[in-house]
Amino acid sequence: MITLKQFQEQFQNLLFTDEPTDCEKMMIYQNSYTHSLLYALKKNYPKLEQHLGEIEFEKLSRDYIKHHPSTYYSLRWYGDKLPDFIPDNMLAELAKFEWQCGLIWDGPDYPILKVDDLFRIPEAHWESLRFQVHPNIRSINLYWNILEIWQENNNSQNIKPIYSDHSKTVILYRQNNTVFFQELSILEEKIWQGILAQYSFDQICSNIEVPADTMASVLYSWIAKGWLSHACCK
């Protein structure tokens with residue numbers, strides 16, 4: 001007669017593999033566990049499934065399940081390691097982009113900086129003004145034409161993957177319960193990096209040699225989209 005510990009180990013091993021079993025009840029548990037994780041991956045990566053096709057996506061999913069048993073209480077978070085698991089660089093980047101979109105969608109609401117808040121700051125203090133990026137904003141560097149593939153609803157497989165040696169910085173954000181993304185221009189990327197580095201308004205203008213009115217125009221655009229949470233003078 002086996003011990004409770006041995007039974008628990010056998011039960012766990014059964015769930016985490018596709019090995020057949022003669023026990024009908026145990027097989028029910030095994031199938032239920034696998035199907036639950038397959039369902040979770042389909043829900044978390046619908047665009048990746050659409051691009052790969054149902055059959056190839058299920059093959060990838062079953063392989064992932066074998067190597068990455070669930071460690072979460074909620075299936076919403078299952079699949080977080082899938083981008084690193086995929087050997088194909090373009091597909092991995094597509095999966096990473098999709099996972100980040102999901103994080104934006106599920107992220108909590110935080111206060112946002114409003115244009116009226118800036119009007120309350122004396123003009124003399126603008127040189128030392130520093131901005132804080134909103135906590136529910138993600139930036140991702142893309143080397144492949146992921147945005148083109150993403151925007152093609154039904155025929156993404158017909159789009160040829162294109163790789164670039166220079167990455168594009170894309171901002172993911174949520175507005176009115178919808179996830180949006182925007183590719184930054186070279187100038188915008190420099191301003192964005194300056195904000196992340198906590199440089200002041202004047203320092204950013206000086207470092208990248210951009211006029212103050214141009215800098216202000218970019219900031220107002222980002223504030224309207226909810227990219228910044230607050231501003232302060234240091």
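The values are calculated or read from the model by the stated rules, or taken from the named source; none is laboratory data. Quick caveat, the model's predicted, so the values are computed rather than measured. Virtual Cβ from ideal backbone geometry, glycine too; neighbours counted across all protein chains shown.
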* Asked: So which residues in the stretch 69-91 are buried (at least 17 other Cβ atoms within 10 Å of the Cβ) and either without any contact (Cβ under 8 Å) to a residue 40 or more places away in the chain or out of contact with any Pro (no Cβ under 6 Å at 6 or more places or on another chain) (or both), if there are any at all?
  -> 70, 78, 79, 82, 83, 86, 91
* Asked: What are the pairs, 6+ residues apart or on separate chains, where a residue within the stretch 44-62 that is hydroxyl-bearing (Ser, Thr, Tyr) has its Cβ under 9 Å from a residue that is not in a helix (DSSP H, G or I)?
  -> 45/79; 61/45; 61/79
* Asked: Is it true that residue 169 is of a type outside the set (A, V, I, L, M) and in contact (Cβ under 8 Å) with a residue 24 or more places away in the chain?
  -> yes
* Regarding residue 227, is this residue surrounded by 12 or more Cβ atoms within 10 Å (Cβ to Cβ), without any contact (Cβ under 8 Å) to a residue 12 or more places away in the chain and either within 22 Å of the chain's Cα centre (by Cα) or closer than 17 Å to residue 112 by Cβ (or both)? -> no
* Can you name every residue in the stretch 42-65 that is part of a loop (DSSP other than H, G, I, E, B) and surrounded by 15 or more Cβ atoms within 10 Å (Cβ to Cβ)? -> 45
* Asked: Which residue pairs have Cβ atoms closer than 7 Å, lie 6 or more positions apart in sequence or on different chains, and pair a first residue in the stretch 105-133 that is more than 19 Å from residue 226 (Cα to Cα) and not assigned by TED's automatic domain parsing to the domain that holds residue 77 with a second residue that is at pLDDT 90 or above and hydrophobic (A, V, I, L, M, F, W, C)?
  -> 126/201; 127/201
* **Members of the stretch 111-127 that are closer than 19 Å to residue 194 by Cβ and within 32 Å of the chain's Cα centre (by Cα)** => 113, 118
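The rows are residues; the columns are (1) of a type in the set (D, E, K, R); (2) in contact with a Phe, Trp or Tyr (Cβ under 6 Å, 6 or more places away or on another chain); (3) closer than 22 Å to residue 230 by Cα.
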site: 142; (1), (2), (3): no, no, no
site: 160; (1), (2), (3): yes, no, no
site: 164; (1), (2), (3): no, yes, no
site: 170; (1), (2), (3): no, yes, yes
site: 193; (1), (2), (3): no, no, yes
site: 202; (1), (2), (3): yes, no, yes
site: 208; (1), (2), (3): no, no, no
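Quick one: is residue 91 within 13 Å of residue 40 (Cα to Cα) and either of a type in the set (A, V, I, L, M, F, W, C) or not assigned by TED's automatic domain parsing to the domain that holds residue 34 (or both)?
Answer is no for this residue.
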* Residue satisfying all of: in the stretch 66-100; part of a helix (DSSP H, G or I) and aromatic (Phe, Trp, Tyr); nearest to residue 148 (Cα to Cα) among these -> 97
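This table checks each residue for (1) of a type outside the set (D, E, K, R); (2) more than 22 Å from the chain's Cα centre (by Cα).
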| residue | (1), (2) |
| --- | --- |
| 175 | yes, no |
| 183 | no, no |
| 192 | yes, no |
| 208 | yes, yes |
| 214 | yes, yes |
| 217 | yes, yes |
| 220 | yes, yes |
* Does any residue of the stretch 117-128 turn out to be among the charged types (D, E, K, R) and modelled with pLDDT of 95 or more? -> no
* Consider residue 199 against the criteria (1) in a helix (DSSP H, G or I); (2) out of contact with any strand residue (DSSP E or B) (no Cβ under 7 Å at 6 or more places or on another chain); (3) crowded, with 18+ Cβ neighbours inside 10 Å: it satisfies all of them except one. Which criterion is unmet? -> (1)
* Sort out which residues of the stretch 134-144 are in contact (Cβ under 8 Å) with a residue 40 or more places away in the chain and part of a strand (DSSP E or B), and write them in order of number. => 139, 140, 142, 143, 144
